[in-house]
Amino acid sequence: MGVEQIYKAVIEGNMPGVEAGVKQALEDKTPAETILKEGLIAPMDEVGRRFEAGEYYVPEMLIAARAMKAGIALLRPILAETGVEPVGKVIMGTVSGDLHDIGKNLVGLMLEGAGFLVVDVGTDVSPQAFVEAVKKEQPQLLGMSALLTTTMPNAGETVKALKEAGLKDSVKVMIGGAPVTQGFADQIGADGFAEDAARAVRQAKALLGLS
């Protein structure tokens, strides 16, 4: 079973197929980096394209992303051994007072599918908890989700807390969520905004100069 079969299994959201394909490819001495880039990252680009074209919806995207994640889990120890670095590190979290996580989880999965290392700090994350996570993890990017108009201001409080801690210059801040707009992102001093998971990947790459 070659990398093409893994690619196809990811597109179809076939998790057992992805796992079997990755194991077989490793047995066949296919380099882990090749499996990652051609078998797991490449199909997620195609999934993102299909989503933007209206051919895929959130459920298909989520199933494909979970299948891809299962493949990455098998590769991660080998990639670490061979010194393959992620393209960047991202902290993902939903702002204080907000318990929604489907959108955040999907963006996190799509970012993993694009080669990022994602640290998910969960939901209802206070500005200070975001600051502590940035200090500890030293990511290049912080992704915040707000799904309620009442919790949106907490994204602004987090940006303010990062500035007060002297960390804002070291990390790019990206926000998203149903009520969030580009205007709101500009207003609170965020570096980027994305209205869906596919665009979030593009925006993350652009913010870090990867696209």
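The values are calculated or read from the model by the stated rules, or taken from the named source; none is laboratory data. Here the structure is a predicted model, which means the values were calculated and not measured. Reconstructed Cβ throughout: ideal geometry from the backbone, glycine too, with neighbour counts over all protein chains shown. The accessibility values were calculated without ligands, DNA or RNA, using every heavy atom of the protein model including side chains. Shrake-Rupley method; radii C 1.70, N 1.55, O 1.52, S 1.80 Å.
Output the residues belonging to the range 131-188 that are assigned to a helix (DSSP H, G or I) and of a type in the set (Lys, Arg). Let's see the steps before the verdict.
Just the residues of the range 131-188 that are assigned to a helix (DSSP H, G or I), to begin with: 131-137, 152-164, 168-170, 182-188.
Within the range 131-188, Lys135, Lys136, Lys160, Lys163, Lys168 meet the criteria.
Please verify whether the range 81-94 includes one or more residues that are under 21 Å from Ala200 (Cα atoms), polar (S, T, N, Q), part of a strand (DSSP E or B) and at pLDDT 95 or above.
Taking every residue of the range 81-94 in turn, at least one turns out to be under 21 Å from Ala200 (Cα atoms), polar (S, T, N, Q), part of a strand (DSSP E or B) and at pLDDT 95 or above.
Among the residues of the range 13-24, is there at least one that is outside any helix (DSSP H, G or I), open to solvent by 30 Å² or more (accessible area, probe 1.4 Å) and modelled with pLDDT of 95 or more? Even if it seems obvious, please write down each step before you answer.
Of the range 13-24, the ones outside any helix (DSSP H, G or I) are 13-14.
Restricting the remaining residues to those that are open to solvent by 30 Å² or more (accessible area, probe 1.4 Å) gives 14.
Add one more test, that the residue is modelled with pLDDT of 95 or more, and what stays is 14.
Yes, that holds for at least one residue.
Looking at this structure, is Pro43 buried (at least 19 other Cβ atoms within 10 Å of the Cβ) and either among the polar types (S, T, N, Q) or part of a helix (DSSP H, G or I) (or both)? Before the answer, list the steps.
Working: buried (at least 19 other Cβ atoms within 10 Å of the Cβ): yes; either among the polar types (S, T, N, Q) or part of a helix (DSSP H, G or I) (or both): yes.
Spelling it out, Pro43 is indeed buried (at least 19 other Cβ atoms within 10 Å of the Cβ) and either among the polar types (S, T, N, Q) or part of a helix (DSSP H, G or I) (or both).
Just one of Val107, Val121, Val159 is open to solvent by less than 40 Å² (accessible area, probe 1.4 Å) and over 16 Å from Gln203 (Cα atoms); which is it? Even if it seems obvious, please write down each step before you answer.
Numbers: Val107 fails: over 16 Å from Gln203 (Cα atoms); Val121 fails: open to solvent by less than 40 Å² (accessible area, probe 1.4 Å).
Result: Val159 is the single residue among Val107, Val121, Val159 that is open to solvent by less than 40 Å² (accessible area, probe 1.4 Å) and over 16 Å from Gln203 (Cα atoms).
Taking only pairs six or more apart or across chains, which ones have beta-carbon atoms under 6 Å, a first residue in the range 2-24 that is within 16 Å of Ile63 (Cβ to Cβ), and a second residue that is surrounded by fewer than 15 Cβ atoms within 10 Å (Cβ to Cβ)?
Pairs that qualify, where the first residue is within 16 Å of Ile63 (Cβ to Cβ) and the partner is surrounded by fewer than 15 Cβ atoms within 10 Å (Cβ to Cβ): there are none.
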